[in-house]
Amino acid sequence: MSDSKQILLILIVIAAILSSGCTQPATPPQTAGGKGPNPPPGETRVALQQIMDTGIQETGIPGAVVEIASPAWTWSSAAGNASPITGERAEPGMRFLIASVSKTFTSVAIQKLAQDRKLSLDDPIERWLPADLVQKIPNGRIITVRQLLDHTSGIADYDELSINLQEFQNPSVPVSYQAAMGQGLNASPLYPPGANYTYSNVNYILLTLIIDNASGVPYEDYVTRNIFVPVGMNDTFIQETSHIPGPHMTATLREGNEYREFSNLYVQFDRGAGDIVSTTADLNRFHRALREGKLISKSSLAAMEKPTPQSGREGYGLGYTTGVNEPSNMTYQGHGGGYPGSFTLWYYLPEKDTYVTLNLNSADMSTESLRQIRTALFTYLKKNGTFVK
């Protein structure tokens, strides 16, 4: 074989490896994200598993993975199928797209930069964005970093449904974050900065550009080096290819008697707003590190926790929400995230000092189905007193 043919063969092999997504981490799934390493008592395990099994049966959700980490024990489990298409069973430790839970990571990165005096939350965003981009942002000279974080900037969202369908129909061509951002900016302003609240993914895309400039490294590198690695999130990465390596929950929607799978689409359009893949254990690990002051100061966390008045019942702070679940009357803090066929609940329950992360690969996802399973879990946890501090 000639040298030129050998080189060509090597390039083909390298290209195949890169296109298969093998550049993403593929370590064995981890378990036990809580500080209580022991499993719960037998009756508690049975009761929790029954809640999950009954929940997916009654709601029609194909499958779920869950981890609950209390001060005394950690319970990691699954129910149903990871894929309703292949029938693969859901297993603890499977990866999934965390969607908008990614926003909390972006917010923590901004808080860290503020603590390091690389930026201020009250800086006008024009200080950190290219001049040509600022010119395209209505009110771009007066919007602050804080107003991006709490969704009071008046910047509109992109059309997520159209982007999802576009990528589904042509999965080899990702929609860029620049294109998604442009959709939102073209539909802006919705109102003067600070006058109201509108949840917009475009706010968080802009925050990644601020992280790029204030840190001197790309947002992806900054989050990996300053959050994923220190916390030990070995099964967590930013999705930059059309492939999730290793066992994972598929995101599927049903159309008639057939399923459409959305798991392996690019999410480059959602940079900083919904582009992370993780596991229940890693997300609980991150949540505990955040709340225990291992990533940012307690004062920075308190600022994240404080809902902006404009958000009303949504209780939205700086990439972090606070609410009360009815009828369990349990306070929860964290974030939710959804893509077509997949929804993640990521919460801390302060009354129980307990972390709950749940991913559902819903074929017919509805708010009521999610609420039903969440309420059943919260109601049981409130009544069960074996793990109170």
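Below, the figures for the structure above:
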item: Some residue of region 276-292 being touching a residue at least 24 places away in the same chain (Cβ under 8 Å), within 19 Å of VAL356 (Cα to Cα) and in a loop (DSSP other than H, G, I, E, B); result: yes
item: Per-region count, region 231-275, residues among the acidic types (Asp, Glu), in contact (Cβ under 8 Å) with a residue 12 or more places away in the chain and farther than 30 Å from PRO71 by Cβ; result: 4
item: For GLU351: the one exception among (1) in contact with a helix residue (DSSP H, G or I) (Cβ under 8 Å, 6 or more places away or on another chain); (2) assigned to a strand (DSSP E or B); result: (2)
item: Verdict on PRO41 being touching a helix residue (DSSP H, G or I) at 6+ places or on another chain (Cβ under 9 Å), closer than 27 Å to THR375 by Cβ and at pLDDT 90 or above; result: no
item: SER299 being surrounded by 22 or more Cβ atoms within 10 Å (Cβ to Cβ), of a type in the set (S, T, N, Q) and either part of a helix (DSSP H, G or I) or touching a residue at least 12 places away in the same chain (Cβ under 8 Å) (or both); result: no
item: Exclusive hit being closer than 28 Å to SER278 by Cβ and out of contact with any helix residue (DSSP H, G or I) (no Cβ under 9 Å at 6 or more places or on another chain), set GLN147, GLN183, GLN169; result: GLN169
item: Matching option when the condition is more than 22 Å from ASP221 (Cα to Cα) and either at pLDDT 95 or above or of a type in the set (A, V, I, L, M, F, W, C) (or both), among LEU318, LEU295, LEU349, LEU290; result: LEU349
item: Single residue of region 167-205 satisfying the filter (of a type in the set (A, V, I, L, M, F, W, C) and under 14 Å from LYS136 (Cβ atoms)) that is surrounded by the fewest Cβ atoms within 10 Å (Cβ to Cβ); result: ALA179
item: Leading residue by the ranking (farthest from PRO130 (Cα to Cα)) among those in region 196-212 that are touching an Asp or Glu at 6+ places or on another chain (Cβ under 8 Å), in a helix (DSSP H, G or I) and among the β-branched types (Val, Ile, Thr); result: VAL202
item: Scan of region 213-247 for residues that are among the aliphatic types (A, V, I, L, M) and part of a helix (DSSP H, G or I), ordered by number; result: ALA214, VAL223, ILE227, VAL229, VAL231
item: Residues located in region 97-125, provided they are of a type outside the set (A, V, I, L, M) and either assigned to a helix (DSSP H, G or I) or on the phi > 0 side of the Ramachandran plot (or both); result: SER100, SER102, LYS103, THR104, PHE105, THR106, SER107, GLN111, LYS112, GLN115, ARG117
item: Selected residue (criterion: nearest to VAL108 (Cα to Cα)) from residues of region 157-192 that are part of a loop (DSSP other than H, G, I, E, B) and within 20 Å of the chain's Cα centre (by Cα); result: ASP157
item: Any hit, region 1-16, residues being closer than 28 Å to ARG225 by Cβ, of a type outside the set (S, T, N, Q) and modelled with pLDDT under 95; result: yes
item: Matching residues in region 140-166 - criterion: being more than 18 Å from TYR199 (Cβ to Cβ) and either crowded, with 20+ Cβ neighbours inside 10 Å or touching an Asp or Glu at 6+ places or on another chain (Cβ under 6 Å) (or both); result: GLY140, ARG141
item: Which listed residue is under 26 Å from THR198 (Cα atoms), free of Cβ contacts under 8 Å to residues at least 24 places away in the same chain and of a type outside the set (Lys, Arg), from THR322, THR308; result: THR322
item: Search result, residues across region 58-96 that are in contact with a strand residue (DSSP E or B) (Cβ under 8 Å, 6 or more places away or on another chain) and either of a type in the set (Lys, Arg) or part of a helix (DSSP H, G or I) (or both); result: ARG89, ARG95
item: Every residue from region 72-92 that is small (Gly, Ala, Ser) and closer than 16 Å to TRP346 by Cβ; result: SER76
item: Failed criterion for GLN147 (all others in (1) polar (S, T, N, Q); (2) part of a helix (DSSP H, G or I); (3) out of contact with any strand residue (DSSP E or B) (no Cβ under 9 Å at 6 or more places or on another chain); (4) within 30 Å of SER242 (Cβ to Cβ) hold); result: (4)
item: Region 61-75, residues that are among the small types (Gly, Ala, Ser) and either touching a helix residue (DSSP H, G or I) at 6+ places or on another chain (Cβ under 7 Å) or closer than 13 Å to ALA90 by Cβ (or both); result: GLY63, ALA64, ALA69
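The values are calculated or read from the model by the stated rules, or taken from the named source; none is laboratory data. Only a predicted model underlies this, so the values are computations on that prediction, with no experimental measurement involved. Backbone-built Cβ (ideal geometry, glycine too); neighbour counts: all protein chains shown.
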